[in-house]
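Everything below concerns the one structure shown next.
Only the coordinates and a few stated rules stand behind these numbers; no lab work does. Worth saying up front: this structure is predicted, and the values here are computed from it rather than measured. Every residue, glycine among them, receives a Cβ derived from its backbone with ideal geometry; neighbour counts consider all protein chains shown.
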Amino acid sequence: MTAAKHPGTTVYIDPLTDFGFKRIFGTEPHKDLLIAFLNSIFNGRKHITALSFSKTEYKGDTTNEGGAVFDLLCTGGSGEKFIIEMQRSNQKNFKERALFYTSRLISDLAPKGKRHVWDYELPEVYLVALLEDFELGTPSAGTVLHDVGLCSAGSGIRFYDKLGFIYIELRKFVKTEAALKTDLEKWLYVLKNLGQMKKMPVFLRKTIFQKLFHIAEYSNLTKEEKMLYDKSLKHKWDNANVLSYAREEGVQKGREERNFEFVVNLLTNTDFEVSKIAALAQVPVAYVKQVKKKIG
């Protein structure tokens, strides 16, 4: 197995660790960073001027009903709700999980026992998911940001504009410093590269990024915070090693299956000698003999 390399202590914390993500985006003194980041995502479609943090755990109405735990949950100045999720690797039924999270939140907004008075007046609800090391598998190759909503299947016209799912596939974002144009591109560049930077680049010398770099300095953490961050970083890299191993196992399995099929095809459809088949398939002669024996 080729282990993912642990970077050790760097100048700045990795914002894609649990600790780093919540330190930068999830605390009251730093909520202007989250406001700026969200505004770069919505790019004028919405302009957020205020945010307040809400509880991140929503329990079911009954003991048998599932709840939901969010990474971050915020309320905007107009009452809109933002669920912010940071997902490092793929999960089974990830899209279904996103639907459950938003549904759980919407359900919880309903007043208990007074729905006839409430009249189903819902605020805007958005789920923003940062996907670090996996992709949604959508056909739009190269697209980093996916803005998903309820639309008419025929016309594509939005049917309901108060519920949205925004997925950002960080693995697809590969732009260099020189190619960055928009504020969102600068944010994504920082999120992907901050943990390896030695100093703040000149092109990021704006007040909001200066604050981000300041609070992300490892040396500015307290002793307890450093312990929490180191633990969070270790957890991330342990998971990265497990994922790397799983991928290598999958590649090896696929290679073995292709070798087997190729050798079977040559044994069945040609009169080549075993040694020639082994040379063509780039496998040992003994392996070809085993396959030949297996297929009779």
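A few comments on the model shown:
- Once the C-beta distance of D32 and Y160 is scaled by a Förster radius of 25 Å, the resulting FRET efficiency is 0.25 to the nearest 0.05.
- Charged-residue dipole, Cβ positions (Lys, Arg, Asp, Glu), the range 18-220 about Cα centre, Debye nearest 20: 440
- Projected label distance in nm at H235 and S54, using a 7 Å step from Cα toward the beta-carbon: 2.4
- Rounded to the nearest 0.05, the FRET efficiency derived from the C-beta distance between K211 and A178 at R0 = 25 Å is 0.55.
- Listed peptides 179-186, 126-133 by packing density, highest first (mean Cβ within 10 Å): 126-133, 179-186
- 15 Å beta-carbon shell around R45, net charge (K/R +1, D/E -1): -2
- FRET efficiency, 1/(1 + (r/R0)^6) with R0 35 Å, evaluated for E135 and Q290 via beta carbons: 0.40
- Contact order for the range 18-220, expressed relative to its length and based on alpha carbon pairs under 8 Å spaced 6+ residues apart, stands at 16 percent.
- The range 80-156: C-alpha gyration tensor shape, a/c 1.5 cut-off, then a/b vs b/c: prolate
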